[in-house]
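A short write-up of the structure that comes next.
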Amino acid sequence: MAEAYIVEAVRTAGGRRKGALAAWHPADLGAEVLNALVDRSGIDPAAIEDVIMGCVSQVGQQSFLLARNAIFASRLPQSVPGTMVDRQCGSSQQAVHFAAQAVMSGTQDLVIAAGVESMTRVPMMSPTTLGLDAGLGSPWSDRVLDRFGVREFSQFDGAEAMAVKYGLTRTDLDDFALLSHRLAAKATREGAFEPEIVPLDVVDAEGRSGRHDTDQGIRYDASIEAMASVKTLREGGFTTAANASQIADGAAAVMIASANAVKEHGLRPLARVHQLHVHAGDPVMMLEEPIPGTRRALEKAGMKLSDIDLYEVNEAFASVPLAWLKALDADPAKLNVHGGAIALGHPLGASGAKLMTTLVNALHRHGKRYGLQTMCEAGGGANVTIIERV
């Protein structure tokens, strides 16, 4: 089987909801990361064989084949195809999988995996709420709901259930959230994100022009006292807005090439795709699948978790990476070393490519070899990707 190499990976800095990126149309956000890949790689954009883009809320400004609209807004020629992926929060991680699989199969040599989400312009759950408001019904039939004995599937219920199952306390969650902000602040101060961020021109609410090149959600003055003061989402629960991921706007993209494309176009490999796995299980607990998914991915790769140098486990809720650490007896010092979505934001369909970009960059920055990325997904799924720095 052919090898698949990551040759470039970029992302925008995260924007808060109604923040720095609020004026950007999602197609234009996607275009900027596509342009950055072309500029940094020096590739002839006509050589790109496909753009596979993840997005969760594919409605309104993110509808009508957003991948092609991003291509039209970019400097890529109209001859470059584009398609969309929805695996909920794992959408652009799945885009990375599809791109790598295309290259590994030998059917394509140069593919871009990307993700975009403007949670300001297209709020979370928009397809469902707009459908209900229009009288088009629920995405879940009575047969589905009856099978699992629920009247809805809720990620918030899943986060609470994870905390209970794995014996996590509110203090555990808040401590982890505080660490996320501190690690992200440290990484920002040290310039760790500079190689991966595509700066964007922005205009603030007062009409002043500026440059957006720093993640907007980091709380540099975060304290455990401030974390503890935030009310839980449910009475007697554990999860708060402070120990869950931040709503965010953003885009990210990863260029994946075959060995032939690397040679032909003079590209510089950053990492080799070592293992790809998709896992699914309980849609009610919903957020637990990174745990068995990681076990299975390592088994398929013939590896142990101790072989992995850095982990990126999406911080959808603090209970998810904490449960993952506890269940797998993983080393917390290897986890999300530059912070995670609690501090940096979770732009849904963009987060998979965003985390991959950060993981590739972190492996190079810290001189490590193997990295593992995983994230929970609505419907009870998880993607797991293992890469090797080259």
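The values are calculated or read from the model by the stated rules, or taken from the named source; none is laboratory data. All values reported here derive from a predicted model rather than from experimental measurement. Counting neighbours? That spans all protein chains shown, and the Cβs are built from the backbone with ideal geometry, glycine included.
In segment 85-92, is there at least one residue being over 12 Å from the mean Cα position of the chain (by Cα), crowded, with 19+ Cβ neighbours inside 10 Å and at pLDDT 95 or above? Yes: one or more hits. The lone criterion from (1) touching a residue at least 60 places away in the same chain (Cβ under 8 Å); (2) surrounded by fewer than 24 Cβ atoms within 10 Å (Cβ to Cβ); (3) closer than 21 Å to Glu388 by Cβ left unmet by Lys334 is number (1). Among the residues making up segment 74-84, those that are more than 16 Å from Ala350 (Cβ to Cβ) and buried (at least 18 other Cβ atoms within 10 Å of the Cβ) are Leu76, Val80.
Would you check if there is a residue in segment 68-82 being of a type outside the set (Val, Ile, Thr) and within 26 Å of Gln275 (Cβ to Cβ)? For segment 68-82, residues of a type outside the set (Val, Ile, Thr) and within 26 Å of Gln275 (Cβ to Cβ): absent. Which of the residues that make up segment 340-372 are without any contact (Cβ under 8 Å) to a residue 60 or more places away in the chain and part of a loop (DSSP other than H, G, I, E, B)? If the condition is that a residue be without any contact (Cβ under 8 Å) to a residue 60 or more places away in the chain and part of a loop (DSSP other than H, G, I, E, B), then Gly367, Lys368 are the ones that fit.
The single condition among (1) closer than 30 Å to Asp28 by Cα; (2) surrounded by fewer than 21 Cβ atoms within 10 Å (Cβ to Cβ); (3) of a type in the set (Asp, Glu) that Asp175 does not satisfy is (1). Could you list, in sequence order, the residues of segment 259-278 that are buried (at least 21 other Cβ atoms within 10 Å of the Cβ) and over 30 Å from Pro199 (Cβ atoms)? Hit for segment 259-278 is Leu276, nothing else.
Meeting the requirement of 1 or more residues that are charged (D, E, K, R) and more than 24 Å from Met375 (Cα to Cα), the strands (runs of 3 or more DSSP E) wholly within segment 33-132 are 50-54.
Restricting segment 291-311 to residues that are closer than 17 Å to Gly381 by Cβ and out of contact with any His (no Cβ under 8 Å at 6 or more places or on another chain) leaves a set whose member that is surrounded by the fewest Cβ atoms within 10 Å (Cβ to Cβ) is Arg295.
When Thr232 is tested against (1) in contact with a helix residue (DSSP H, G or I) (Cβ under 8 Å, 6 or more places away or on another chain); (2) among the β-branched types (Val, Ile, Thr); (3) farther than 27 Å from Pro332 by Cα, only condition (3) is not met. For segment 332-370, the set of residues classified as charged (D, E, K, R) and out of contact with any helix residue (DSSP H, G or I) (no Cβ under 8 Å at 6 or more places or on another chain) consists of Lys334, Arg365, listed by residue number. Return a yes/no flag: does segment 238-245 have any residue that is closer than 22 Å to Ala114 by Cβ, aliphatic (A, V, I, L, M) and either modelled with pLDDT of 95 or more or surrounded by 24 or more Cβ atoms within 10 Å (Cβ to Cβ) (or both). So far as segment 238-245 goes, no, none of its residues is closer than 22 Å to Ala114 by Cβ, aliphatic (A, V, I, L, M) and either modelled with pLDDT of 95 or more or surrounded by 24 or more Cβ atoms within 10 Å (Cβ to Cβ) (or both). Of all residues in segment 294-319, those being of a type in the set (S, T, N, Q) and assigned to a loop (DSSP other than H, G, I, E, B) number 1. For segment 332-339, the count of residues that are within 26 Å of Leu34 (Cα to Cα) and either aliphatic (A, V, I, L, M) or assigned to a helix (DSSP H, G or I) (or both) is zero.
A residue that is farther than 23 Å from Leu287 by Cβ, among the small types (Gly, Ala, Ser), more than 20 Å from the chain's Cα centre (by Cα) and surrounded by 15 or more Cβ atoms within 10 Å (Cβ to Cβ) occurs nowhere in segment 103-120. Residues in segment 66-77: is at least one among the basic types (Lys, Arg), touching a helix residue (DSSP H, G or I) at 6+ places or on another chain (Cβ under 8 Å) and closer than 13 Å to Gly115 by Cβ? No; the residues of segment 66-77 include none that is among the basic types (Lys, Arg), touching a helix residue (DSSP H, G or I) at 6+ places or on another chain (Cβ under 8 Å) and closer than 13 Å to Gly115 by Cβ. Taken as a whole, the structure places Ala251 among residues that are modelled with pLDDT of 95 or more, surrounded by 22 or more Cβ atoms within 10 Å (Cβ to Cβ) and of a type in the set (A, V, I, L, M).
Within segment 48-84, take every residue that is over 19 Å from the mean Cα position of the chain (by Cα) and among the β-branched types (Val, Ile, Thr) and give me the one that is farthest from Arg11 (Cα to Cα).
Val59
When Lys354 is tested against (1) within 20 Å of Leu168 (Cβ to Cβ); (2) in contact with a Pro (Cβ under 9 Å, 6 or more places away or on another chain), just one condition goes unmet, and that condition is (1).
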